[in-house]
1. Would you mind pulling out the separation of the Cα centroids of segment 80-100 and segment 1-68, in Å?
2. From Cα pairs below 8 angstrom and at least 6 apart in sequence, can you work out the relative contact order of the chain, rounded to a whole percent?
3. Ignoring any ligand, DNA or RNA, what whole percent of the accessible area of the chain comes from carbon and sulfur when the probe is 1.4 angstrom?
4. Looking at segment 1-49, I'd like the Rg to Rh ratio, where Rg is from alpha-carbon atoms and Rh is Kirkwood's inverse mean 1/r.
5. Could you calculate, for segment 1-144, the ratio of the Cα radius of gyration to the Kirkwood radius, expressed as Rg to Rh?
6. Multiply the residue gap between Ala5 and Glu196 by 0.36 nm, knock off their C-alpha separation, and tell me the result in nm, one decimal place.
7. Convex hull over the alpha-carbon atoms of the chain: what's its volume per residue in Å³?
8. Using a 1.4 Å probe, what is the accessible area per residue for the chain, in Å²?
Amino acid sequence: MNITAHDIRTRLQTMATPELAAFSASLIPGLQLPMLGVRIPALRSLAREVAKADWRTALREALPPDTFEQVMLRGLVIGYARMDWEERFRLVGDFVPLITNWSVCDTVCSTLTDVRKHRNEWWPQLLRHLESREEYAQRFGAVMLMDHFMTPSHIRPMLEAFAATHPQGYYAEMGIAWAVSVCFVKHPDITHPWLEEHRFPNSVHRLACRKILESLRTPQEMRPLIRALAKQAPTRDTQAP
């Protein structure tokens, strides 16, 4: 079944709520595209429909990056559609430059669960995203690692990659810090020494400590240690750009 650009625009407009658009846009500073105001569960439902139809034609012809929802929908379709890992790998590579906000980044990352079946193939590409000079490419790399590589064999190399990254903006810093905090919650014995030794950029260190303290899964006995580490970090980064 072929789904046209008109079909998708009509569906999105039918589901759109101006009040939701105004509220959601307020949560995404610097939003670059118009927002229609469609809830994420509704976008996921539509994406699954497209993924069961002629999704390749839809990606090629029916999903221009004209609105926040169209970009989000494109990423979700790439996650849901049945294809081999090489095709998904290529489509994700084409999609990453379209990411210009944390919401699209994080929602699409959580949808790309097929990556877990091919971690060895995806790992080098995600490290290259961390080395990017683009803020949201870095966040994409960090959140993908957090979502799909939180295994005992990947924790240490993941921490090494985060420590070597020079974040290109707040949302890259926060993405890496978020991933570090999850590493700590799931593997505190491995992650805590990295924080003690201040191995991460200062901004990432501070944000990671904050996220760890915000987590309900952080053991009470570790909280004073994390608070002390948060206070020890310099207020400005001194690492080379």
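The values are calculated or read from the model by the stated rules, or taken from the named source; none is laboratory data. Predicted model, so just to flag it, every value in this text is computed and none were measured. Cβ coordinates were reconstructed from backbone atoms using ideal geometry, including for glycine residues, and neighbour counts include every protein chain displayed. Note: accessible area is taken over every heavy atom of the protein model, side chains too, but ligands, DNA and RNA are not part of it. Shrake-Rupley method; radii C 1.70, N 1.55, O 1.52, S 1.80 Å.
1. 17 Å
2. Values: 302 pairs, mean separation 30.1, N = 241.
Contact order relative to length: 13 percent.
3. With neighbouring chains kept in place, the figure for the chain is 52 percent.
4. Working: Rg = 11.9 Å, Rh = 11.7 Å.
Reported Rg/Rh, Kirkwood definition of Rh: 1.01.
5. Details: Rg = 14.8 Å, Rh = 15.5 Å.
Radius of gyration relative to Kirkwood radius: 0.96.
6. Numbers: separation 191, 0.36 × 191 = 68.76 nm, distance 5.26 nm.
Between Ala5 and Glu196, full extension yields 63.5 nm more.
7. On the way: hull volume 30.4 nm³, N = 241.
Taking the convex hull of the Cα positions in the chain, it is 126 Å³ per residue.
8. Details: 11760 Å² over 241 residues.
So the chain comes to 49 Å² accessible per residue, rounded to a whole number.
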